[in-house]
1. Could you work out how far the C-alpha centroid of the stretch 237-291 sits from that of the stretch 481-508, in angstrom?
2. Would you mind computing the Rg to Rh ratio of the stretch 296-361 from its alpha-carbon coordinates, Kirkwood style for Rh?
3. Among Gly447, Gln587, Leu287, flag the residue with its Cα farthest along the positive direction of the charge dipole of the chain, charges on Cβ as +1 for Lys/Arg and -1 for Asp/Glu.
4. Roughly how many debye, to the nearest 20, is the charge dipole of the chain about its Cα centre, given +1 on each Lys and Arg Cβ, -1 on each Asp and Glu Cβ, and no other charges?
5. Restricting the calculation to Cα positions, tell me the Rg (one decimal) and the Dmax (whole number) of the stretch 39-168 in Å.
6. How far, in degrees from 0 to 90, does helix 557-573 lean away from the longest principal axis of the Cα atoms of the chain, to the nearest 10?
7. Please state the shape class of the stretch 156-201: rounded when a/c is under 1.5, otherwise prolate if a/b exceeds b/c and oblate if not, all from the C-alpha gyration tensor.
8. Mind listing the phi-derived Karplus ³J(HN,Hα) values for the stretch 255-265, rounded to whole Hz, using 6.51, -1.76 and 1.60 with θ = phi - 60°, and x for any glycine or proline?
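Only the coordinates and a few stated rules stand behind these numbers; no lab work does. Just so you know, these numbers come straight off a predicted model, no measurement behind them. Every residue, glycine among them, receives a Cβ derived from its backbone with ideal geometry; neighbour counts consider all protein chains shown.
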Amino acid sequence: MKLTLRSFELLRNAGAKSLVGAVTTAAILSSASLASAAEKSKKPNILLLVADDTAFGDIGAFGSEVQTPNLNKIAQAGVRFTNFHVSPVCSVTRSMLLTGNNSIEVGLGAFDYSVYPATKGKKGYETFLTNDAVTISELLRDDGYGVYKSGKWHLGGEKPGSKGPLGWGFTKEFGIYSGGSNHWNNLAMTPDFHDPEGLTKKRVEEWTLNGKPFDRPSGIYSGEIYTNYMLDFIKEGAKEEKPWLAYMAFTTAHFPIQAPEGLIMKYYPKYLELGYTGLKKSRYESLKKHGLISHEATEAPFNNLTKKWESLSQKDKEKQAKIMATYAAMTEDQDNRIGQILDYLKTSGQLDNTLVVYLTDNGPEGLEPTNPKTGNPELAKWIENQFDSSFEAIGTANSENVIGTSWANAATGGLQWWKWFIGEGGIRVPMMIVPPGGFSEKYDRAGEKSNAVVYVKDIPMTILEYANVKHPMTKYKDRKIVAPSGISIKSFLEGKSQVVRTEKDWWAFELFGNGYVMMGELKAMKVRTGMFGDGKWHLYNVVSDPSESRPLEGENPAKLKEMIALYESYVAKNNIIEVDADWNPFQGASE
């Protein structure tokens, strides 16, 4: 045993009769000190929880009537970010989440379910993750982490030239490659549009377990099967005594709208009573009351793509109320599954050394197959011919419902628009972070609600900093990569900074020919006529005006001009292809 100064003092003061006891005491103290130092230097685990197609106002921690006690615990232990932005569609967000790069830099300048014809085959528009970036899963694996993914991938693997999770550093994986599937069985959520007979039959979804085909059993809900496999991965990894990253990518609440029967009808009376307008107003008021949007915020104006509740028949009202109740049940089930994971981590002693991040990939899905403006006639016909559209079937494996534009609009509360759109309802979503130790120690920011400006590509940089893993920036092993532009949130979480992004840390984004620039609290945006905009630039303060109903370009033309110039520099740098003003991505939507 090496004697420290403290050990020597113990020996000197003990006297001859208790010399052995003093040596023993000193050894214990020395061992405890070493153990404490080792514990402090231990790499944290990372639990990355990603919900699918979930609105800003959908979870209890963000003012919802939906019961989410486990997400509420995350909110109480950590920080709720109320000015957090993603892309308006799934895979594009996920590309930034795993790399810290802009989506067009890594192949996701296009969304695989609706590709503008002129972009096909062009660099940056591959619709899957390319080798132009390195993922955090690769970097953490190289650092000795076990890296697990369960659920949705949607970044390639089934397409030529693309890779699944194992090709991107994950050491264990389970789930689907595509953007979604039936929640009860192995059927796909859409037909094969490329098959001449695709509209006359159901399609089987490909499932994998560690890169090999998996025979998905019927009758087990998606949240249950995904969570069970993730827990298995974490338990297996614990035997190896490695830190881990668990990428828990739920497919709730992505369509088809299906959920466990016992969770559905508890919400039905509420939505039947409120209807579309009532729910939107209720959530707007709740968001405002709980400080999740500004006290200056005004209600979002009526969107003419939505229906008025009063125009529905009683039968249709009942059906719509049950569909929305099923959507709420999907969120409650997800919360239950998150509770399973948190409970296991707590009982196994791993929770205190785990960084927990929760977010959703975009706003709620407003695709409505029968809607002449936002629908797809072929998809509508397939659903009508292949599934049971009755009230009784809603939520079951043989149903294929969507919440549609009206419920999607209502779900966002004080925001406007939904998935596919760059309005706040499509790109502002819930995000919460609990740093290691936050669940049990006195964390200074616990329970805080922050309107700090944060972007999805900031999360991977935060994860790397907590793991003390350095990003290689421009070269990874034998390949050149594009340096990420995300900013770590760690200093903010530790109270060393009150901001994450200043005005200097602006970002720009484009998809479907619509673009915006975010600079501090200001957002300049332009939406094409083909997606129901006016094709002109507008300026908003999205903190004081989250419904984007008070344009500021007349008051501050110089700022708008500055932001447009930044956007144009982004377009030029990334060779972004201009989209025809009248192109409609919904009616061209296919795989």
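1. With the stretch 237-291 and the stretch 481-508 each reduced to a Cα centre, they are spaced 28 Å.
2. Values: Rg = 19.5 Å, Rh = 16.0 Å.
Rg/Rh: 1.22.
3. Most positive-ward Cα: Gly447.
4. Numbers: 67 positive and 70 negative charges, 358 e Å.
Around 1720 debye, computed over the chain.
5. 17.0, 55
6. 80 degrees
7. Working: a/c = 4.46, a/b = 1.66, b/c = 2.68.
Because a/c hits 1.5 or more and a/b fails to exceed b/c, the stretch 156-201 counts as oblate.
8. 5, x, 6, 9, 7, x, 4, x, 9, 7, 5
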